Structures are given as C-alpha cells and as structure tokens.
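Below is one structure, written out as structure tokens; comments come after it.
Derivation of every value follows stated rules applied to the coordinates shown; laboratory data play no part. What you see is a predicted model, and the numbers here were worked out from it, not measured in a lab. Heads up, the Cβs are rebuilt from the backbone with ideal geometry, glycines too, and the neighbour counts pull from every protein chain shown.
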Amino acid sequence: MTDQAAFSIFDGHNDALLRVWRAGPGGESAFVEGGGEGHLDLPRALAGGMRGGLFGVFVPRPPAEPAPPDMDRAAKELSPPVSHDWAAQVAEEQAAILERLERISGGRLRKALAPGDARAALDGDHLACVLHFEGAEPIAEDLSNLEAWHERGLRSIGLVWARRNAFAEGVPLRFPASPDIGPGLTSAGKELVRQCRRLGMLVDVSHLNYRGFLEVAKEYAGPVVATHSCAHAICPAARNLTDEQLRVIRDTGGIAGVSLNLPDLNPDGSESTVGALGLIARHLEHFAAVAGVGHVGIGSDFDGCPMPEQVPDAAALPRIAEALGERGWKEHDIRRVFRDNWVRVLDQTLSEG
Ligand code: ZN
C-alpha cells in the first residue's frame, strides 16, 4: 500500500491567477484563506501535498470583443489574436496578484526564483510559485521588456495558447487532428527562445504546433517542457504530444506533464469522467513507456478546464498517487513524476540565468 501522504507534488500548470483576477477585489484573500471557489487555493494546495507549481498568466480576449462562434471540435480554428497592449496590461495585473498573494500569505506562498526554491518547498510546508506566461503576447516583439519581466520574477514562458502571435502559432483546440498545423517560429520567436535560455527561463511547448515545437527544441538547446499536454496516441487532440514529440522532449532532458483536462484525456475527445483516474494513469504510463519515467510530470490545469469528479480540486491530488500505487507503480517512480523530475529541470534551468 502506498503511503499517499509521503508525496508532495510540483504541478506543471494552473490558471489560478486568472480566476483570482476575474474574481476582482477580495479574490486574493479568498485564495489565501480558502474560499471554496475554483479548483485551487492555498489551503487546498497545502492539504493535497501541492508544494509548487507554474502559475500561469493568461490573457483572455478583451471584454469588448464578441465570443467566437461555437464550433464543432473537428472544425475548430485558432482563437483571434490579442494585442500586445491588452496582454501587457493583463499580465501586469495578474503578476501583481501573485505579488499580493505572497505578501498576505505570511510566508506560506513564495515565488520560486532560484535553484533550490522548489525543493525547499517540496521538503517543507509552503507553496513555491513559478511565474509563467501562457502565451508570450505580453512580451514586446523586439524583446525590449523581457529582462524587466525576468527581474520581476518571470521564470517560464509558454510561447502560445490556441492563437497566433508575434513569436509562434498554437494549434487550434481541434479533435481529432495532427499537431502538424501551421508554420514554425518567427525570427522573433527564435530569438525569444534563445534569450529565455540565456536568462535561465523555461520554455513551455504546450499548445505549440509541431514545426514550432521542433524549432524550440533546436534553438533552446536545453530541457524543454510541455507543462500540460496528454498523449496523442491515446487521445488524438491536436494539442496532445505524439510519441515522436515525447522522444524529442526526452532527448532535451525535459518533462512532459499530463493534464487533467477530460477532452484531452478521453480517447473519444469527450468530457466523460468515467474511469478518469485510470485514464490519467494510462497517459502517464504511455509517457513513461515512450520517454522514460524521468521525463514525466503532471500539469493539472486547475482553474483552466473542467476537472474530473475524481480529482475535483488540489486537495484531491493524492488520489492520483493512490491510483498509481494500486496499479503497481513503485514509490520511487511516483515520487519522480510528482516532484523529482521538476526539481531537476528547475534547478538546471534556473541556475543558468
Ligand atoms: Zn493551456
């Protein structure tokens, strides 16, 4: 029997900053004190063993813009681009939220900035937050504000969401589909990837198309992460990772993190929650079989998508460890997937800045 309490977890992706931003005044204190809203707040994270994670800045479409028409998933196109000015404003506001959370948390929530910060949290009793952009739109095309963002604590950039921007192109949220849709990185995109490497920042390839993915691996020349993507061999969504992509991530020394987003888990692309824990385990096992267990992680996407009823929030994360234990996973391997792989990649990447 697995001692589930033994596993602290570093989670590759959540959108809690977006949820708190949308909540408006009072959102930060509800996050710190536990308001029962959404999937992730500080008390539920700590209760579930979550001691670290990438906290994404996500820029929704401006309020004045109409929602794109509802479309069949098989025909999904990219979402409309967002302007740099709007993205810069939202990023400023969401980064300020993380700074306020840190201030009012009494030391229970801290930004992760340097090698050792994630490990200290995983071995301790606070939550280490890596400030991350899900979509590089807040960065100026000439990269003139990149160093300022690094100084402010930004340590990770996902080049795109399901959009096109000045740097790269994402894949639409299409199912079934190959990730090989659209062009590779722009020259600004290649330069951004090289500068992230120089500064000691992660580059996240989740949502990126296939050509862009290959170019990131080449330009970054270091451990590449896909923070929240599932296995294309099990669920052929455009934003899931093919076996070839998993091997490329392995060869860079990086991590592929399985998300808990039902339409990216279910073989039929549905939102069915039946057998979700077994399905999460199957994706993790596929990643481990193709890339090796040293290159596998979990990126919940809490507050970014509907959660399976078996893992409704961060407090339920130990159920994943329990399910893996019941399937015969060794504790050592669960520990790698839950935390040690992330510690390795963060220590290696952040020390290079
Ligand atoms: Zn995402």
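First measure r as the distance between the Cβ atoms of Glu77 and Glu244, then evaluate 1/(1 + (r/R0)^6) with R0 = 41 Å and state the FRET efficiency to the nearest 0.05. Here the calculated transfer efficiency is 0.95. At full extension, Asp251 and Glu309 could sit 17.4 nm farther apart than now, given 0.36 nm per residue minus the alpha carbon distance. Residues Phe10, Phe167, Phe175, arranged from fewest to most other Cβ atoms within 10 angstrom of their Cβ, appear as Phe175, Phe167, Phe10. In sequence order, the stretch 131-141 has phi-based couplings of 6, 9, 9, 9, x, 8, 4, x, 8, 5, 4 Hz under the Karplus curve 6.51 cos²θ - 1.76 cosθ + 1.60, θ = phi - 60°, and Gly or Pro positions carry x.
Model label sites at Glu65 and Ala114, defined 7 Å from Cα along the beta-carbon direction, differ in position by 3.9 nm.
Hey, rough spin-label estimate for Ser29 and Asp268, points 7 angstrom out along Cα→Cβ, what's it come to in nanometres? Taking the simple label geometry, Ser29 and Asp268 are separated by 4.7 nm. Taken about its Cα centre, the chain carries a charge dipole of about 580 debye when Lys and Arg each add +1 at the Cβ and Asp and Glu each add -1 at the Cβ. Backbone amide hydrogens, once placed in the peptide plane, bring Val57 within less than 5 Å of His132, Phe133, Glu134, excluding anything fewer than 5 places away on its chain. Note on the stretch 54-167: dipole from Cβ charges, positive end direction compared against Ala87, Gly106, Phe167; the farthest Cα belongs to Gly106.
Rounded to the nearest whole Hz, the Karplus-based 3J(HN,Hα) values (6.51 cos²θ - 1.76 cosθ + 1.60, θ = phi - 60°) of the stretch 222-238 follow the sequence x, x, 8, 10, 10, 5, 8, 8, 10, 8, 5, 5, 9, 10, x, 7, 4, with x at glycine and proline.
Residues Val160, Val311, Val225, Val82, ranked from the fewest to the most other C-beta atoms within 10 Å, line up as Val82, Val311, Val160, Val225.
Once backbone amide H atoms are built at 1.01 Å from N, Phe302 has Asp15 as its partners under 5 Å, excluding neighbours fewer than 5 places away on the same chain. Our coupling estimate for the stretch 250-267, obtained by passing each phi through the Karplus curve with A = 6.51, B = -1.76, C = 1.60 and θ = phi - 60°, is 4, 5, 7, x, x, 9, 10, x, 6, 8, 9, 6, 3, x, 9, 9, 5, x Hz, Gly and Pro reported as x. Counting beta carbons within 10 Å around each of Lys330, Lys190 and listing the fewest first gives the order Lys330, Lys190. A straight line joining the Cα centroids of the stretch 53-130 and the stretch 158-199 runs 18 Å. For Arg103, neighbours were defined as the other residues whose beta-carbon sits under 12 Å from its Cβ, and their charges (Lys and Arg +1, Asp and Glu -1) total +1.
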